[in-house]
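S.K.: Below is one structure. I have some questions about it.
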Amino acid sequence: MPKEFSKWVACWGNATSITDRKEATYAKDLTLRYPIRACFSGNKLRFHFSNLTGTEPVTISEAYVAKSAQPQTANAQSAATVAAQSITAPSSNYIPTAITFSGKQSATIPAGEEILSDEILFNVTAGETFDVSLYFANFTQMNAGTAITGPLSGGKYSYGNFAKSATLPDDLTRKTNWIYFLNTIDIFTEEKNFALVCFGDSITAQDWPDYLTLRCAREGFNNVAIIRRAVSGTRILREYNCITYAAYGLKGATRFPIEINVAGARAVIVQHGINDIIHPVGVEVNKFRPWSDMPTADDLINGVRTLYITHARKLGLKIYSGTLLPIYGWRTYNENRDIIRTAFNEWLRTAPDFDGCVDFDKAVRGHDDPKRFSNGFDSGDHLHPSAKAYEAMAECVPAELLK
């Protein structure tokens with residue numbers, strides 16, 4: 001019996017923030033290609049593009065979607081291999097479909113705004129991989145994007161127009177973990193499918209949402225899409241207004257109401273706040289990071305209640321807290337910071353404001369010394385988890401969120 005497709009659900013999503021301010025901030029004659037694993041079957045796609053943090057209009061000259069050569073599998077190593085293979089699919093299997101905007105192939109995204117493509121007829125089967133390719137012919141301000149990592153994340157860029165090409169030329173192509181302008185992809189799919197939003201900072205911008213997607217495929221949670229809304233360095237209560245820390249992104253009050261608008265979303269996991277605790281060092285050390293930015297646990301609690309919980313409830317979403325990970329050994333660690341983290345975590349675990357808690361801290365901390373990561377779970381900087389720890393984070397997400 002054929003499947004009945006009846007609603008739009010986000011099947012892939014990323015945050016949009018300020019890119020790292022390097023010497024070069026413009027590109028010209030550039031192709032971007034991102035492989036996307038389809039978690040659902042459907043017959044139409046639509047694409048959200050964002051220039052939220054840009055200060056100039058950005059024109060997409062051409063955009064295409066095309067089936068990749070092979071489907072991704074529910075295995076991290078295979079997923080990474082297939083993602084790379086999809087960049088060089090055989091030309092006989094590569095049939096690009098134009099992404100249009102009011103019937104036109106080119107579109108301009110105004111500064112500070114987001115746009116939505118036309119609905120594109122495009123049959124997708126769950127487990128397949130499709131490529132989204134964008135071409136920018138003219139000088140383009142590359143100020144709207146976010147860096148993410150994980151076995152399902154990343155893409156490539158090429159100098160020249162290869163948006164319709166099955167193969168990107170080796171001598172003009174490099175890998176990138178920066179996702180520019182492409183913000184969300186919705187699929188017209190079955191009524192039973194839904195999205196789970198993962199909101200946070202660098203911990204969430206890194207691998208665990210990808211491992212959660214792979215876990216869902218492996219364990220048969222086939223009706224949920226994991227949508228990542230995460231920016232490295234971002235804080236709940238503050239943001240920076242200098243090019244040194246611009247890429248740390250917008251504060252929670254600005255980000256959350258924008259990023260939580262996700263088609264088909266039922267719930268959100270919020271794992272956010274560690275940067276509020278570890279960033280302040282005093283103006284005598286860094287003029288942009290005063291001690292006045294240092295929050296109390298109550299400041300963080302009130303911020304989450306006001307900025308996140310209230311807004312999630314307005315949208316009818318369930319909201320789950322995510323505890324903050326150990327920071328012992330991090331370069332700005334001191335006992336007072338850990339006291340704040342511990343008190344905030346206790347509230348995240350017990351507050352009736354939430355529908356539940358995802359205890360990431362418990363999943364990765366040491367048994368003998370809970371201030372530290374468990375053996376093998378520290379990436380080496382004493383703040384970010386190892387790949388093994390990211391897998392453990394994905395495994396600790398309650399199954400009730402995935403059903």
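S.K.: Which one of 192, 156 is of a type in the set (Lys, Arg) and part of a strand (DSSP E or B)?
M.R.: Testing whether each residue is of a type in the set (Lys, Arg) and part of a strand (DSSP E or B) leaves just 156.
S.K.: Output yes when any residue across the stretch 376-397 is without any contact (Cβ under 8 Å) to a residue 12 or more places away in the chain and more than 25 Å from the chain's Cα centre (by Cα), and no when none is.
M.R.: no
Condition check ((1) closer than 20 Å to residue 396 by Cα; (2) part of a loop (DSSP other than H, G, I, E, B)) across all residues:
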site: 313; (1), (2): no, no
site: 319; (1), (2): yes, no
site: 325; (1), (2): yes, yes
site: 344; (1), (2): yes, no
site: 349; (1), (2): yes, no
site: 369; (1), (2): yes, yes
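S.K.: Which condition breaks for residue 58 when tested against (1) at pLDDT 95 or above; (2) closer than 20 Å to residue 195 by Cβ?
M.R.: Going through (1) at pLDDT 95 or above; (2) closer than 20 Å to residue 195 by Cβ one by one, residue 58 breaks only (2).
S.K.: In addition: What number of residues in the stretch 277-296 are within 26 Å of the chain's Cα centre (by Cα) and hydrophobic (A, V, I, L, M, F, W, C)?
M.R.: Result for the stretch 277-296: 2.
S.K.: Using the structure shown, decide if residue 94 is surrounded by fewer than 20 Cβ atoms within 10 Å (Cβ to Cβ), among the aromatic types (Phe, Trp, Tyr) and over 15 Å from residue 46 (Cα atoms).
M.R.: Spelling it out, residue 94 is indeed surrounded by fewer than 20 Cβ atoms within 10 Å (Cβ to Cβ), among the aromatic types (Phe, Trp, Tyr) and over 15 Å from residue 46 (Cα atoms).
S.K.: Now for a separate question. Pick from 320, 390, 328: which is touching a Lys or Arg at 6+ places or on another chain (Cβ under 6 Å) and under 22 Å from residue 232 (Cα atoms)?
M.R.: Being touching a Lys or Arg at 6+ places or on another chain (Cβ under 6 Å) and under 22 Å from residue 232 (Cα atoms) holds for just one of 320, 390, 328, which is 328.
S.K.: Which of (1) in contact with a Gly (Cβ under 9 Å, 6 or more places away or on another chain); (2) more than 25 Å from residue 311 (Cβ to Cβ); (3) among the aromatic types (Phe, Trp, Tyr) does residue 199 not meet, given it meets every other one?
M.R.: With respect to (1) in contact with a Gly (Cβ under 9 Å, 6 or more places away or on another chain); (2) more than 25 Å from residue 311 (Cβ to Cβ); (3) among the aromatic types (Phe, Trp, Tyr), residue 199 is out only on (2).
S.K.: Evaluate the following for residue 244: is it outside any loop (DSSP other than H, G, I, E, B), polar (S, T, N, Q) and surrounded by fewer than 23 Cβ atoms within 10 Å (Cβ to Cβ)?
M.R.: No: the conditions fail for residue 244.
S.K.: Being in a strand (DSSP E or B) and polar (S, T, N, Q) narrows it down to one residue among 149, 204, 184; which is it?
M.R.: 184
S.K.: Shifting gears a bit: Scanning for something assigned to a loop (DSSP other than H, G, I, E, B), in contact with a strand residue (DSSP E or B) (Cβ under 9 Å, 6 or more places away or on another chain), farther than 23 Å from residue 42 by Cα and not basic (Lys, Arg), does the stretch 217-229 turn up at least one residue?
M.R.: no
S.K.: Still on this model: Looking only at the stretch 361-403, how many residues end up being in contact with a strand residue (DSSP E or B) (Cβ under 8 Å, 6 or more places away or on another chain) and among the acidic types (Asp, Glu)?
M.R.: 2
S.K.: List, please: which pairs have Cβ atoms under 7 Å, are six or more places apart or on different chains, and start with a residue in the stretch 191-211 that is under 27 Å from residue 373 (Cα atoms) and end with one that is of a type in the set (S, T, N, Q) and in a loop (DSSP other than H, G, I, E, B)?
M.R.: Close Cβ pairs satisfying both conditions: 201/232; 201/234; 202/232; 205/232; 206/149; 207/149; 210/153.
S.K.: Scan 162, 188, 181 and give me the residue that is farther than 27 Å from residue 396 by Cα and buried (at least 24 other Cβ atoms within 10 Å of the Cβ).
M.R.: Being farther than 27 Å from residue 396 by Cα and buried (at least 24 other Cβ atoms within 10 Å of the Cβ) holds for just one of 162, 188, 181, which is 181.
S.K.: Can you tell me how many residues within the stretch 109-144 are in a strand (DSSP E or B) and surrounded by 15 or more Cβ atoms within 10 Å (Cβ to Cβ)?
M.R.: Final tally of qualifying residues: 17.
The values are calculated or read from the model by the stated rules, or taken from the named source; none is laboratory data. Predicted model only: the values in this text are computed from it and were never measured. Using ideal geometry, Cβ is built from the backbone for each residue, glycine included, and neighbour counts are taken over all protein chains shown.
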